[in-house]
1. Which of Lys181/Lys249; Lys203/Lys249; Lys310/Lys331; Lys125/Lys316 have a Cα-Cα distance over 32 Å?
2. Quickly rank 49-55, 278-284, 99-105 as a protection proxy: mean count of other C-beta atoms within 10 Å, highest first.
3. Using a cut-off of 15 Å between alpha-carbon atoms, which aspartates and glutamates can reach Lys398, once sequence neighbours fewer than 8 places away in the same chain are excluded?
4. May I ask for the angle, rounded to the nearest 10°, between helix 166-186 and the longest principal axis of the chain, with both axes built from Cα atoms and the value confined to 0 to 90°?
5. What residues qualify as long-range amide H neighbours of Phe129, i.e. H under 5 Å apart, gap of 5 or more or another chain, H built at 1.01 Å from N?
6. Using a Gaussian network model of the chain whose springs link C-alpha atoms within less than 10 Å, name the residue from Ile355, Ile261, Ile302 with the highest mean-square fluctuation.
7. Points 7 angstrom from Cα along the Cβ direction at Leu407 and Glu59: gap in nanometres?
8. What base-10 log of the normalised intensity I(q)/I(0) is obtained for the range 33-124 from the Debye formula, alpha carbons as equal point scatterers, at q = 0.23, 0.25 Å⁻¹?
Amino acid sequence: MKQSKLFTKTSKQVPADADSANAKFLVQAGFVDQVMAGVYTYLPLGLRTLQKIQNIVREEMNDIGGQEIYMPALAPKENWQATGRWDDLDVLFKLDGAGDKEYALGATHEEIVTPLAKKFARSYKDFPFAVYQIQDKFRNELRCKSGILRGREFNMKDLYSFHTSVEDMEAYYQKALEAYKNVFVRCGINALVTEASGGSFSKWSHEFQMPTESGEDTIYVNEAGDYAWNNELFPDMKDGDDAPDKSGKVKEIKAIEVGNIFPLKTKYSEAFKYNYIDENGEEKPVMMGCYGIGPSRTMGAIVEANHDDKGMIWPKSVAPFAVHLVSLGSKDETIQDRIDTVSEAVYTDLQKAGIEVLWNDRTDQSFGEKFADADLIGLPLRLVVSEKTLAEDSIEWKERASTDMRLVKIQSAVEEVASWVKE
C-alpha cells in the first residue's frame, strides 16, 4: 500500500476526550474514527489489525473443535423474557418494531444459540459440540471510556459449548482456557488467568486480565506471576496477603479484562427446556459453557501495553503491515531519481515476497513528519531510503520496539526482511 493512496491521514491533534493511550493514538494514527461516545468506524489500518486478531482467535477456536456460525444481532423480546434478562439486564438496547413488536440488540447470544442448538442436537450421540461467532455486540453503557476498551458497539467472539455431563463440560472448559492463553500470546500481550465470580451462572469463572497501570480492574497476582484473583470476588484481599491457593504472597495491580469464560451449566438450557435423550431414552438437562473474547477490546489493550510517547508499537502478528518503507527527499534531482527508483524496487520486491508493506511515498512531508508518522503508526520495522543511505548502497533498518539503527545492503534487504518476518 502506498501511503499517498491511503484513505486516511495522521493527525497531530489529540482527541479532546482521549483518556487512554488507545483512545489517543488509534484516532491520531488514522486506525479508527469516533462517530459518537462508544462507537467507532474502523478505518483501513485499524480494520487490518482487527481482522488479524479475529483470525488468530478463529484459528484457536477451530483447533478446539469450534464451528463458526453467524447469528442475528436483532433478537425477539420473547427469547430474552424466557431467561428473565429482558428486565434484568440494564445495558440491553430495546427497540420498537412494526406491528408493536419489541426487539433487543444482541448484548450476548445465549438467548439465540440455545434454542438454535435445541433444533439440531437432541440425542446423546449429538454431543459434545461447540459453535462460535465473531460479531458486533451492543450494550447501552452508562459511561463509555478508554477508547475502544469500553464501547456501546464492540466486536466479540462468543463460543458456546454443549455437553451431557458436568465432567465433559469441565474438560472442554480447560481446553478453552488453554486456547485463550494461546490467543493472547500470539497477539503479543501477557494475559493472566484470573479467578473471578461466576455471577448467577456458577461459583466461579475465569477472566483473562492484562496488567497495565491504565487498567480499570484490580487483581491480585501470585508470586509466580501466572495466576490472579479478581478483587470483586475477593473484596477483603489486600496487597501482601497470602494467596488463596497458598502459593505465596499476592501483589495488587491494575489490569484490563480481555476475555472471560463461564461454566453456564443448565442456566439457559433450563430456560428453554433444552434436554437431551440419553442411552436409556430419558431426558436429561444439557450442560453449557460460554467463552468470550473481544477482538476490538484486545486491539485496544495491545496499544495500552505497547506504546511510548511517540505512538504505538505493534507486535508483528497483528500489525496492519509488517514494514513501513520511508522515502526521504533530496534537492539533487539525480539523487532523488535514484531514491525513487530504489524505493520502488524494494517496495515491489517486498510485495512479491509476500511481505506486507506500507510505503510512505508522499512528497508533501518533511523528514521529521515522515519519521513522526512512522512512530505514531507503529509498524514493527521501518526501512528508510535516503541520500545518506544510498551513499553506502544501503537502507536504514530500525525496529519500532528498539532504539538501535543499522544499515543493510540494498541487494540483501528483502531477504533479511523475509527472514525477520518469520522469526
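Nothing in this text is a laboratory measurement; each read-out follows from the coordinates by a stated rule. Just so you know, these numbers come straight off a predicted model, no measurement behind them. With ideal geometry, Cβ positions are generated from the backbone for all residues, glycine too; neighbour counts draw on all protein chains shown.
1. Lys125/Lys316
2. Ranked from most to least packed, the peptides come out as 49-55, 99-105, 278-284.
3. Hits, sequence-local ones excluded: Asp373, Asp375, Glu416.
4. 10 degrees
5. Phe162
6. Comparing Ile355, Ile261, Ile302 in a Gaussian network model of the chain, the most mobile one is Ile355.
7. The answer from the label model is 3.7 nm.
8. Cα-only, vacuum Debye calculation for the range 33-124: -1.15, -1.18.
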